[in-house]
1. Within segment 1018-1037, is even one residue at pLDDT below 85, of a type outside the set (A, V, I, L, M) and under 23 Å from Phe979 (Cα atoms)?
2. For segment 1027-1060, which residues satisfy the criterion of being in contact with a Phe, Trp or Tyr (Cβ under 6 Å, 6 or more places away or on another chain) and among the hydrophobic types (A, V, I, L, M, F, W, C)?
3. With the requirement that a residue be over 55 Å from the mean Cα position of the chain (by Cα) and not aromatic (Phe, Trp, Tyr), what does segment 187-210 give you?
4. If we scan segment 268-287, do we find a residue that is of a type in the set (Phe, Trp, Tyr) and more than 32 Å from the chain's Cα centre (by Cα)?
5. Looking at segment 1080-1131, which of its residues are exposed (fewer than 13 other Cβ atoms within 10 Å of the Cβ) and either in contact with an Asp or Glu (Cβ under 8 Å, 6 or more places away or on another chain) or among the small types (Gly, Ala, Ser) (or both)?
6. Looking only at segment 333-342, decide whether some residue is surrounded by fewer than 19 Cβ atoms within 10 Å (Cβ to Cβ) and among the small types (Gly, Ala, Ser).
7. Considering each residue of segment 995-1050, count those that are free of Cβ contacts under 8 Å to residues at least 12 places away in the same chain and more than 20 Å from Val436 (Cβ to Cβ), and give that number.
8. Has segment 845-853 got at least one residue that is in contact (Cβ under 8 Å) with a residue 60 or more places away in the chain, in contact with an Asp or Glu (Cβ under 7 Å, 6 or more places away or on another chain) and surrounded by fewer than 16 Cβ atoms within 10 Å (Cβ to Cβ)?
Amino acid sequence: MKSNGYFKLTSWAVDNKIPVYMFSIAIVILGIIAYINLPKEQFPDIVIPTIIVQTVYPGTSPSDVENLITKPIEKQLKAVTGIKRVRSQSLPDVSVITVEFTTDVEPSVAKQRVSDAVDKSKNFLPDDLDRDPVIQEVDFSEFPIMFVNISGKIEPRKLNTYAEDIQDAIESLKEITRVDIIGAPEREFQVDLDLFKMQAATITFSDVQNAISRENVNISAGEILNNGTRRNLRILSQFKDVEDINNIIVKSGRGSILYLRDIASVRDDIKEQQSFARLNGEPVITLSVIKRSGQNLIDAAEKIYKITDDFSQNKLPKDVKITITGDRSIPTKVNLDDLINSVIIGFILVVLVLMFFMGVRDSVFVGLAVPISSFLTFLLMPSLGFSFNLVVTFTFLLALGIIVDDAIVVIENTHRLYTKEGMEIRKATKYAATEVIKPVIAGTLTTVAPFFPLLFFPGIAGKFMFYLPVIMILTLLASLFVAFVINPVLAADFMHRDPNKPINPKRVHIVSGIMILFAILFHLMSLPMIGNLLIILVVLGYFNQYILTPILIKGFQEKVLPWFMELYKSTLRFFLKGKMPYLAVAGMFIIFIISIVIFAMFPPKVVFFPQSEPNFVYVYIKLPIGTDAKVTDSVTKIIEGKVQNILGKNNPIVKSIISNVGIAAGDPSNPDRTITPHKGKITVAFVEYAKRGGKSTQFYLDEIRNKIKNFPGAEILVSMENNGPPVGKPINIEISGDDIKTLQSLERQLRQAIKDARIEGIEKLNSDLVENKPEILIEIDRIKANSEGISSGQVGFALRTAIFGTEATKFRDDKDEYPVQIRIDNNYRNNLDAILNMPITFRDMNTNQFKQIPISAFTKVSFINTFESINRKNQKRTITLSSNVIGGFNANQINKEISSVLNSINIPLGYSIKLTGEQEDQQEASGFLSLAFLISIILILLILVTQFNSTVKPLIILTQVVLSTIGVFIGFVIFKQTFSIVVTGIGVVALAGIVVKNGIILIDFIEELRKKGGRIKDNIINGGAIRFNPVALTAASTSLGLIPLAIGFNINFETFLSHFNPNIFLGGDSVAFWAPLAWAIIYGLTFSTFLTLVVVPCLYFIQYAFSVKYTRWRNLRQHRLRLNNNYSNGN
């Protein structure tokens, strides 16, 4: 790709600058539009192909469901390819099987495979199944984005009407999948039958149900021809009020006639409440808003706020209040703004460093690589289906210092040829690009290489981090284009021989005056941000004119930088003398071994994903199975009061306290699929990090955990929200086998062994096997029942209608329809004797007479406790013990101690005890990252071998990759920072590519100097001196670009530009999550800079010395062979 000795693409760009400028402007405009239209999310939408098979089989116990439903379906699923794990729950009346596939299987394919397997199992399922198994795809992106709470001192059903109106308005948004109502009273027409009056009148439940359903009709009878017009004939006889239902005539089988009001009370009422919701102690109706996958979270939130504002101002009474809580758009905007501000700060620091080395003008050329490369990437993101989330934002921050590397090399080389060697500027730009094209492309490819294996990161962690390698690869390739097309054009037009020459003061004054006039104009137009930005630019212009360039930059370039250069040259001369190269290299390897030993002896805290300070604290309350929702609610109120006392009244960092009972009260990592009246949840929401005034929310989490953990009669679990993708519990122990009693025995042994070992840091080991569910078992004597002509189905229908109720019809009004429910009066409903003495009324077909036989005549009653559910994993019964980790303790250390305990337990053949959950995911991730590091080394080696056509020089460069980890090991140990398996691991893998680039450029220049002749030491020293600036610049720019995030330094540029209030603070959620990666690169890159500038030259000299000695030995050997041959021939 060279033309006339120049790199063709650069040569064309310099000769055709107008198309390049137009193309650049188009990139900027279209990139901004693409960014605005990108969906904004806090975390990436994660697609884990997971399918649920749900089968309802009424009247069966968990063990029957397991044997009749779960096992036959699991047997067929066993043959399906691509399955990672199969979990099942056999509950009373229902089987729920969760099939998780590996992440490389498309959800639609996964669903089809499961459907095929379920179809095969139908031959082995019970014949009396009412419905086929239901197969559903799980969408992990369907999580509540906010809760809209409606409260007011008005009639509950009226409040519910307003809630439903708001629900309909929100569900009409394209961004919203659905809105769930929690704590709302549900309207119901209740027909409560008097058991004794029914018995006296010989009326059955079926008589009542048929009478009600036949009087509430809307039937089309067809069309009739009337005076030449066809008219539809419709019979409309629907209930208008309760009196219509009361006045229904009911006929018994014996022919007796009476009104429904004579045997029942009919009420327009609400269903028995099984869920409760409160906000800050006040009852509310809560709308849980679920966003559609791939839609813009921030746009959705803004539209919802407009809807609620409209209702508050125009449609609701003054005493009805709407409060929005749990708004995920707020932390999303805060975290995105923090990261974007970090990008801006990092960009300013990078450009500032470049200014001191290259001057203001040249540093601007280089700095433009950042926005243009980013805009190019924005243009490609929509086609990939990417959203703009925290992972994407951080990737741009990580790329910030790397993007400018290529531009630094090209511009710095152009500047050297133009100013020091006197080339004409157009020729200098073309020749400079041609001279460095090979090492720059090789360097970029080696930087990209470590990110390539990350594209295949398996599991949930890989799905979460997938955005990082894709965006990094696209951005780096874009920066390569910018460096060889756009930067040379800018340099050809604007580069000066003396970059520090001051601008004409008169010109500065004129431009500044114009900018001030525009600033005033923008302020008058109520656009203060633009006006203030212009004022800041004027101030910076004068600062550059009179202080920055003539004093600071000129002083640095003329005094400090030459001093550094001479110091570096003298350092290289010292290390290249005698045996010093060998001692330097040997010393580095000794330090490498020592760093590993130190890391092993004083290991930092190791976690799977980093955790920040809690934004939410969740208190999960679990009472014995069968506890009524009202009792659970009363217990939740007591605990809620204790939580309020711990937090204190009017605590400025507490945003809200929300309580839920029955619905949305379970752990989201293991969601309940039915109403759970025995469960409650309290959610404490804190204000954003910047508004906490330095107060720790972890303190409140620990206080709540310590002070309410031993509440009598209730299981209490206190936790915080997860950062990163959903993973299992930090402590998760699975006991698997076939026999439940053996599993329970192993569970007791394990609990006792853990207790005896006194392992600290475990909050509470909770088991998912609950065997205290109270149950009344009614066994029917079939012989007695059948002799009377009564079937088991008749008994079951009568009991279910009496207690649970049966829907007879629907009452319809202008807005909705409501069930008309028949059952026995509440006076009898909770009276077991009355229920058992309830007669089965029927006509004896032999005698044609009506009979009434009490249920107790052919049934036997027993009180038992049964399992709440039987859980299985991969076709084996499983008991899972799980717990959170108390603050200040490390999950990995606790799991290590538990592993030691497992060795002391005698596990029978066919049974197993394994640590799973987060620990299992962590092992998978760490195994892959180790493999990814090895693959990246191989890819880098292949690129280097191609570049240098040598194996020795690539090994020299790769040595610095291995040795750069010295900085990572020692840095994390000295500063006692948290080491994240995933986040820090990716940082170490990424470091490999970043480190290599400088080594490539350094050795390439030394090779070029060697071709021109001269002593090897002089070539090494001069090559190092020439490449000192770009090596130091790339290291400094990459490190400084990450510093704001690493230390959590934040400036709010929006408030700074609008009100000159920078709102500076340290810390934040983004810092806690991404700092381990940032510090890994900063530590490794800082140390590798020394390796590149000193150790790599030493290694190069050693290989040269060996090659010279080898060449001499080979030549001497060949000379001796020739002499021997000549001697032999002469003889």
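1. no
2. The answer is Phe1028, Leu1033, Leu1045, Ala1046.
3. Asp194, Leu195, Lys197, Met198, Gln199, Ala200, Ala201, Thr202, Ile203, Thr204, Asp207
4. So far as segment 268-287 goes, no, none of its residues is of a type in the set (Phe, Trp, Tyr) and more than 32 Å from the chain's Cα centre (by Cα).
5. Result: Ser1107, Ser1128, Gly1130.
6. No, because not a single residue in segment 333-342 is surrounded by fewer than 19 Cβ atoms within 10 Å (Cβ to Cβ) and among the small types (Gly, Ala, Ser).
7. Adding up the residues that qualify gives 4.
8. Yes - at least one qualifying residue is present in segment 845-853.
The values are calculated or read from the model by the stated rules, or taken from the named source; none is laboratory data. Source: prediction; values computed, not measured. Positions of Cβ are backbone-derived with ideal geometry, glycine not excepted, and every protein chain shown enters the neighbour counts.
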